Amino acid sequence: MRSINDQSCDLLVVGGGLVGLALARAAAHAGLDVLIVDREAPKQAVSNVFDGRVSSIARGSANMLNHLGVWDLIREDAQPIKEIRVTDDGSPFFLHYASRDVGNGPMGYILENRILRRALQAAVEQDPRIAWRTQIEVEEIECGIYGVCAQLSDGSTANSPLVAAADGRDSVLRTKAGINVINRSYGQVGIVCTVAHSLPHGAIAHERFLSAGPFAILPMTGNRSSLVWTERPEVASTILKLGTSDFLGELAWRFGDFLGQLKVVSPRWQYPLELTMAERLIAGRLALVGDAAHAIHPIAGQGLNLGLRDAAALAEVVSNAYQLGMDIGEATVLENYGRWRRFDGLAMAAVTDSLNRLFSNDIVPLREIRSIGLATVNKLPILKAIFQRHAMGVLGHLPKLLQDSAI
Ligand SMILES: Cc1cc2nc3c(=O)[nH]c(=O)nc-3n(C[C@H](O)[C@H](O)[C@H](O)COP(=O)(O)OP(=O)(O)OC[C@H]3O[C@@H](n4cnc5c(N)ncnc54)[C@H](O)[C@@H]3O)c2cc1C
């Protein structure tokens, strides 16, 4: 790691969450000197009480983590996904994805966020091109002709030709740059917890559509699964207050008995679900990545994957300009990034939003439409393979970091 007194860098990354850390590593990999500023303490961010979520890591994202030298640190904790079963409550129709339908290897992996965060932190810490300053926020930011000057909360300043805002859904940098957002609450809360079960899960992920919203059962290493259980806020707050056996009872009738006896082995977490879409991905010498650009419904487990694609694309665009000796913060460079990433973000937001609207209800005509939809997609191998490859993050104009890598 470089000295923390060095306040000049090629790229200032504000926000050292999963996306910010990956971006810093990708940019450093391309030869840029990077400064990350984050308001959290690193130990706090990997503690058991910080984030109870797991993430589905699509194949493309796993390729990226491998290229960045992070995969070896998480390999043993990453549970491969071999099948995905999608069912609609009470409907005989279903959708079934199998990894064997699209070639060798798993469709993706399930990994605890805190384990991925710990691995990214370790990779960043040992990278000589990255300085990482924690428990610090950006107070003011001034964009000049040749670069940006950020006033930090410890009284120091950081200078850089380009700033990446990776500061999450409520991005302060986005607001300071005057970028408006479309923001809508889904009126849903994601209850998250880990269960141990007596039978093996067989590397199968389940997405069940219940009337309150999706109920996802995500296989973890060992006989464990993580749940993302969507409920209306008032129901969620009652469920979260239940004692251990009543909570397990509520969980068990939704989960079923196909994995044998269940035991909740983690705290219970709650995440209010909202859509937040920035109207633009760029401003003067500023690029938005990850949830700062688009925070979407977790129904398809794609938010982090989308953010990692932003990080890989920004690193690629910037590194190409850097190799040519260009100013990496100039408008034409940022426009390349904005054009490249706009469609993916909008498409993913639209798909997740529509799926949630279509499935999170008990309206009879809609139930019939979605049953037909599930059955139709399941019977059309080409359409099914397109959906599958898209979910795996290996479709479309991919940044080089997401392309094949021997994992
Ligand atoms: C219930 C649930 C389940 C999900 N499951 C999946 C899944 O299976 N697969 C998937 O791909 N995605 C999933 N997601 C989405 C995914 O978790 C997010 O998209 C991802 O974590 C966003 O990462 P980020 O780094 O962009 O933002 P964040 O994780 O919000 O990180 C922002 C960082 O910025 C820092 N910060 C904030 N403000 C400031 C400031 N002013 N100054 C300095 N630092 C600042 C914070 O400390 C933090 O470290 C899920 C989301 C939810 C809610």
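Observations on the structure shown:
- Positions within region 39-71 being of a type in the set (Gly, Ala, Ser), modelled with pLDDT under 95 and assigned to a helix (DSSP H, G or I), in sequence order: 45, 60
- Unmet criterion (only one of (1) closer than 20 Å to residue 168 by Cβ; (2) assigned to a helix (DSSP H, G or I); (3) touching a strand residue (DSSP E or B) at 6+ places or on another chain (Cβ under 8 Å)) for residue 35: (2)
- On the stretch given as region 222-257, residues that are surrounded by 12 or more Cβ atoms within 10 Å (Cβ to Cβ), of a type in the set (Phe, Trp, Tyr) and either over 27 Å from the mean Cα position of the chain (by Cα) or at pLDDT 95 or above (or both) total 2.
- Residue within region 346-353 that is within 16 Å of the ligand (Cβ to nearest atom), closer than 21 Å to residue 185 by Cα and of a type in the set (Val, Ile, Thr) present: yes
- Subset of region 290-316 that is farther than 19 Å from residue 15 by Cβ and near the ligand (Cβ under 6 Å from one of its atoms) - its residue that is modelled with the lowest pLDDT: 301
- All positions within region 120-139 that are more than 11 Å from the ligand (Cβ to nearest atom), among the charged types (D, E, K, R) and free of Cβ contacts under 8 Å to residues at least 60 places away in the same chain: none
- Comparison of 202, 178 shows that the only residue that is out of contact with any strand residue (DSSP E or B) (no Cβ under 6 Å at 6 or more places or on another chain) and closer than 20 Å to residue 107 by Cβ is 202.
- Selection status of residue 173, within 15 Å of the ligand (Cβ to nearest atom), modelled with pLDDT of 95 or more and within 24 Å of residue 279 (Cβ to Cβ): yes
- Just one of the listed residues (246, 167) is acidic (Asp, Glu), over 25 Å from residue 108 (Cβ atoms) and touching a residue at least 24 places away in the same chain (Cβ under 8 Å), and it is 167.
- Checking each residue in region 174-191 for being in contact with a helix residue (DSSP H, G or I) (Cβ under 8 Å, 6 or more places away or on another chain) and either over 17 Å from residue 228 (Cα atoms) or surrounded by fewer than 13 Cβ atoms within 10 Å (Cβ to Cβ) (or both) picks out 174, 181.
- Lone unmet requirement of (1) out of contact with any Cys (no Cβ under 8 Å at 6 or more places or on another chain); (2) more than 10 Å from the ligand (Cβ to nearest atom) for residue 157: (1)
This table checks each residue for (1) closer than 24 Å to residue 15 by Cβ; (2) under 17 Å from the mean Cα position of the chain (by Cα); (3) within 15 Å of the ligand (Cβ to nearest atom); (4) not basic (Lys, Arg).
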residue: 49; (1), (2), (3), (4): yes, no, yes, yes
residue: 52; (1), (2), (3), (4): yes, yes, yes, yes
residue: 57; (1), (2), (3), (4): yes, yes, yes, yes
residue: 63; (1), (2), (3), (4): yes, yes, yes, yes
residue: 66; (1), (2), (3), (4): yes, yes, no, yes
residue: 73; (1), (2), (3), (4): yes, no, no, yes
residue: 85; (1), (2), (3), (4): no, no, no, no
residue: 88; (1), (2), (3), (4): no, no, no, yes
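- Residue pairs whose Cβ atoms lie under 7 Å apart, sitting 6 or more positions apart in sequence or on different chains, and linking a residue in region 4-19 that is farther than 7 Å from residue 160 by Cα and at pLDDT below 95 to a partner that is of a type in the set (Lys, Arg) and more than 6 Å from the ligand (Cβ to nearest atom), are 4/133.
- Members of region 90-119 that are farther than 27 Å from residue 212 by Cβ, away from the ligand (no atom under 15 Å from the Cβ) and in a strand (DSSP E or B): 98
- Lone unmet requirement of (1) outside any helix (DSSP H, G or I); (2) modelled with pLDDT of 95 or more; (3) away from the ligand (no atom under 16 Å from the Cβ); (4) not basic (Lys, Arg) for residue 287: (3)
- Check on residue 345, of a type in the set (Gly, Ala, Ser), in contact with a Cys (Cβ under 6 Å, 6 or more places away or on another chain) and at negative phi: no
- Candidate set: region 323-367, residues that are at pLDDT 95 or above and among the hydroxyl-bearing types (Ser, Thr, Tyr); chosen: the one nearest to residue 395 (Cα to Cα): 337
- Residues in region 194-221 that are under 17 Å from residue 233 (Cβ atoms) and part of a strand (DSSP E or B) were compared, and the one that is modelled with the highest pLDDT is 215.
- Test: residue in region 140-150 that is away from the ligand (no atom under 13 Å from the Cβ), modelled with pLDDT of 95 or more, touching a Pro at 6+ places or on another chain (Cβ under 9 Å) and under 26 Å from residue 56 (Cβ atoms): no
- Which numbered condition residue 41 fails, given (1) closer than 15 Å to residue 115 by Cα; (2) in contact (Cβ under 8 Å) with a residue 40 or more places away in the chain: (1)
The values are calculated or read from the model by the stated rules, or taken from the named source; none is laboratory data. Here the structure is a predicted model, which is why all the values come from computation and not from measurement. Heads up, the Cβs are rebuilt from the backbone with ideal geometry, glycines too, and the neighbour counts pull from every protein chain shown.
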